[in-house]
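Notes follow the structure.
Readers should treat all values here as calculations from the given coordinates under stated rules, not as data from a laboratory. Note that this is a predicted model, so its numbers are computed, not measured. Don't worry about glycine lacking a Cβ; one is built from the backbone with ideal geometry, like all the others, and counts go over all protein chains shown.
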Amino acid sequence: MSIALTRRFLACRLLRLLAMPLLLTAAAACAQTPAATSPMPPAGAGPQPADIPVVLPRSELVYEAVVELDPTLALGQSPLGERRLVPITGGSFHGPRLKGKVLAGGADRQLVRADGARQLDALYEMQTDDGAILTVRNQVLVRTPKGGPDYRFSHVHITAPAGPHGWLNDYVYVGTLHSLRPRQAVLVRVYRLL
């Protein structure tokens, strides 16, 4: 037997002697682990939740609107709370890619819940400077926690005609609401999620 083969033979024997206790320990650990703790996904099952990275949404301002209002009309008590209606009389809006006016004729339907929170559901139209009519539905939750700032956030649906403003149909929108009292108006900021 050559010296090279002898060395290789001795190295393999030594490796077996050193590795055998490790292999036996690993085999014993695997035998004690129930199969249910590390299930293998079935072939073709797709990615597992742990494999998908968390992606936080980013936002971008679409427009800021000053919405003019008439005084609030009381509609009476319901099983869900006090109902109100606030007519929308006009206003204006502007943003990086569009601007125009808020059209009269819309309204904000409000429900004042027993816990004091207000659910607002405003439906109105806005007209861009180039004549396109956008329909906006802005659903807001307003809460005033004790000792904390008001919570005034919304989800906004915008419907736009096909054409230069059709891109507005392709995003999810969120917004904020701020009173401009004593003026009969509110400031609405709308952001698209990217």
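Return THR89, THR72 ranked ascending by Cβ neighbour count within 10 Å, so the fewest neighbours appear first. Intermediate values should be presented prior to the final figure.
Working: THR89 16, THR72 13.
Result, fewest neighbours first: THR72, THR89.
Cut-off is 10 Å between beta-carbons; in what order do ILE88, ILE158, ILE52 appear when sorted fewest neighbours first? Show your work: numbers first, answer last.
Numbers: ILE88 23, ILE158 20, ILE52 9.
Least to most surrounded, the residues fall as ILE52, ILE158, ILE88.
Kindly put ARG143, ARG152 in sequence by how many other C-beta atoms sit within 10 Å of each C-beta, fewest to most.
On the way: ARG143 15, ARG152 19.
In increasing order of surrounding Cβ atoms, one gets ARG143, ARG152.
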